[in-house]
């Protein structure tokens, strides 16, 4: 919370953020540990390679469908950056910057 020019952190909020960080780390390391212990087929490896993009589309698709011109323009930027660079991280960063800029203009 911001009050009197100073930043104060609520203990509950800090605890929730730390708990989410621990769960995220445990999930990722647990998945990597499991995949190192089993033999993966080419089909499973292909599915895992496209999983990040599918998750991004599943999360952002409804927002884009319900959005307006700023969100649609940012969607075009994301597709263009992804097509040129094949970097999900760079495409998402470009999309965030684009939607903020377009919301300021539109």
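Computed from the coordinates by the stated procedures, all read-outs in this text should not be read as laboratory data. All values reported here derive from a predicted model rather than from experimental measurement. Because the Cβ atoms are built from the backbone with ideal geometry, glycine has one as well, and the counts that use them run over all protein chains shown.
Estimated from helices alone, the mean residue ellipticity of the chain at 222 nm is -28500 deg cm²/dmol (sum of -39500 (n - 2.57) over DSSP H runs with n ≥ 4, per residue). Note on residue 55 and residue 39: the model spin-label points, each 7 Å out from Cα along the C-beta direction, lie 2.8 nm apart. Here the calculated FRET efficiency for residue 8 and residue 64, from their Cβ-Cβ distance with R0 = 22 Å, stands at 0.05, rounded to the nearest 0.05.
This structure gives Rg and Dmax of the Cα atoms in Å, computed directly, and of (i) 18.8, 58; (ii) 17.5, 57; (iii) 13.1, 45 that value is listed as (i).
Between residue 83 and residue 104, the FRET efficiency from the beta-carbon distance, with R0 = 30 Å, is close to 0.75.
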